[in-house]
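Below is one structure, written out as structure tokens; the observations come after it.
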Amino acid sequence: DVKVTQSSRYLVKRTGEKVFLECVQDMDHENMFWYRQDPGLGLRLIYFSYDVKMKEKGDIPEGYSVSREKKERFSLILESASTNQTSMYLCASSTGTLYGYTFGSGTRLTVV
Amino acid sequence: GIQVEQSPPDLILQEGANSTLRCNFSDSVNNLQWFHQNPWGQLINLFYIPSGTKQNGRLSATTVATERYSLLYISSSQTTDSGVYFCAVGKSGANSKLTFGKGITLSVRP
């Protein structure tokens, strides 16, 4: 089975800190995605990547950046964390076949 | 962008009952997926179904792309079916970014 691993399940950071969320997949997928999930708003796309060193903005990229130096790893960076970035962050990968997306278990980030 | 509406927003069932969850979308799509989020937050892909009908055990899904809707059927529901069901659509094939609906919260009572 494809596995998507997010480095932390729970994270607490202070306002203004630079935060790194890591996501690793083990099945050589080309496509990787970062979403955030908030009550009442569902899942919203932050950034995605179709290849190494390639990135595209999603619907809510402000305050975030990403890095994809290796195919298996896609990092989400909060340049200066703010309280409105408190959320559940979900990483997904896809190989573009009939199997669709595979999600990681999520990182619940609290910014205080 | 594409609008995705799911209904009903909440559903309570007695164990053993059947249910139909609906997803309407505002534009033509060539990627549609259904997900189940369990109470621990893990999202599991149920179906990749941009058109047609698929079945997997007690679950089945039908997408009528020309009429811009998809249905997820759950038969003989079990308490483990509880959670949130999301429909998500995309316009660029299987690799495309997905736009998610707000989800349907299902509670199955023993």
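Structural remarks
- Based on Cα contacts under 8 Å between residues 6+ apart, segment B:4-109 shows a relative contact order of 38 percent.
- Cβ-defined net charge surrounding B:PHE100, 13 Å radius [Lys, Arg +1; Asp, Glu -1]: +1
- Legend: residue pairs A:LYS3/B:LYS97; A:LYS71/B:LYS102; A:LYS3/A:LYS70; A:LYS13/A:LYS55; A:LYS3/A:LYS71; A:LYS57/B:LYS97, Cα-Cα distance threshold 21 Å; pairs beyond threshold, A:LYS71/B:LYS102; A:LYS13/A:LYS55.
- Accessible surface, 1.4 Å probe, highest first, among residues A:LEU43, B:LEU46: B:LEU46, A:LEU43
- By a 1.4 Å probe calculation restricted to protein chains, B:THR80 has an accessible surface near 100 Å², given to the nearest 10.
- Sites listed here are GluC sites (Glu not before Pro) in segment B:3-110 whose DSSP assignment is loop and whose Cβ has at most 16 other Cβ atoms within 10 Å: B:GLU15.
- Per-residue Karplus couplings for segment B:52-68, computed as 6.51 cos²θ - 1.76 cosθ + 1.60 with θ equal to phi - 60°, are listed in order as x, 10, 9, 9, 9, x, 7, 9, 9, 9, 9, 10, 10, 5, 5, 9, 6 Hz, Gly and Pro entered as x.
- Directionally averaged shadow of chain A, computed from the convex hull of its alpha-carbon atoms, nm²: 6.6 nm²
The values are calculated or read from the model by the stated rules, or taken from the named source; none is laboratory data. Here the structure is a predicted model, which means the values were calculated and not measured. Because the Cβ atoms are built from the backbone with ideal geometry, glycine has one as well, and the counts that use them run over all protein chains shown. Ligands, DNA and RNA are excluded from the accessible area calculation, which covers all protein heavy atoms including side chains. Shrake-Rupley method; radii C 1.70, N 1.55, O 1.52, S 1.80 Å.
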